[in-house]
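*Asks:* If you scroll down you'll find the structure; I have some questions about it.
Please treat every number below as a calculation from the coordinates, not as lab data. Worth saying up front: this structure is predicted, and the values here are computed from it rather than measured. A quick note on method: Cβ atoms are made from the backbone with ideal geometry, for glycine too, and the neighbour counts reach across all protein chains shown.
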Amino acid sequence: MHFAILQFPASNCDQDAVHAIRVLGHSAELVWHKDTSLGAAEAVIVPGGFSYGDYLRTGAIARFSPVMQAVRRFAAEGGLVLGICNGFQILCEAGLLPGALIRNRSLQFRCEHVHLKTATRDSPFTRRIPPDTLLRIPVAHGEGCYYADAPTLARLRAQDQILWQYCTADGVLEDYASPNGSVEGIAGICNERRNVAGLMPHPERACEPLVGSTDGRWILESMIP
């Protein structure tokens, strides 16, 4: 399977994403923010980092990049799009996912491993995750607090769009388990069509034993038919 990995000025997880896909035995290429085509991509990853220096707010400028028009077309045609960290922020700013990412509750940058509970396996991003398996994956963000108003949250719950939630090492959904204060401990969601997803934790940084976890592979491998 061939992945397109977007690259914006100040992206810093694009090479990590390319490496992770190649570790899984698939191909990946970087697509520059000024490009207007995704080439032969069969899936797209919008990686983490600080696109455009996070000026204005995270993802606010990147949403206007020429490449995002190609991403919109790709998603509209049913293509799989995964936004990781800053990529999640960009997808929300671009209107491809509902809600917004705001400053962490602690007002501090958080860089640590967290535990995730998969809220549903009914998506192309979670389908290969074994039932009742907790994921241990790193986060690294200052604006990762997911927020949505009550009607949006109700729709997310009703349509089973919440994919991952922060939990304790025992799998309990406790507020203190969230590194950022996200509403309902939400770590990742998908759109109504279930082909666009975003999450704040970094699965591409958890694909080899050398880095302390291989749990991120479950997410990336779920995208592969």
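*Asks:* Dividing the convex hull volume of the alpha carbon atoms of segment 128-169 by its residue count, what do you get in Å³ per residue?
*Replies:* On the way: hull volume 4.8 nm³, N = 42.
Dividing the Cα hull volume of segment 128-169 by its residues yields 113 Å³.
*Asks:* I would also like to ask the following. Using just the helices of the chain, give the 222 nm mean residue ellipticity in deg cm²/dmol: DSSP H runs with n ≥ 4 each add -39,500 (n - 2.57), and the total is spread over all residues, rounded to 500. Write down the numbers at each step before the final one.
*Replies:* On the way: 5 runs with 45 residues, N = 225.
Dividing the helical sum by the residues of the chain leaves -5500 deg cm²/dmol.
*Asks:* Can you give the FRET efficiency to the nearest 0.05 for residue 147 and residue 77, using r as the Cβ-Cβ distance and R₀ = 30 Å? Before the final figure, lay out the partial values.
*Replies:* Details: r = 29 Å, r/R0 = 0.98.
According to the calculation, E is roughly 0.55.
*Asks:* So what's the projected area for segment 2-222, the Cα convex hull averaged over all directions, in nm²?
*Replies:* On the way: hull surface 43.1 nm².
It is 10.8 nm².
*Asks:* Could you work out the Kirkwood radius for segment 1-63, taking every pair of different alpha carbons, averaging 1/r and inverting it, reported in Å? Please list the in-between numbers first.
*Replies:* Working: mean 1/r = 0.0838 Å⁻¹.
In segment 1-63 this quantity evaluates to 11.9 Å.
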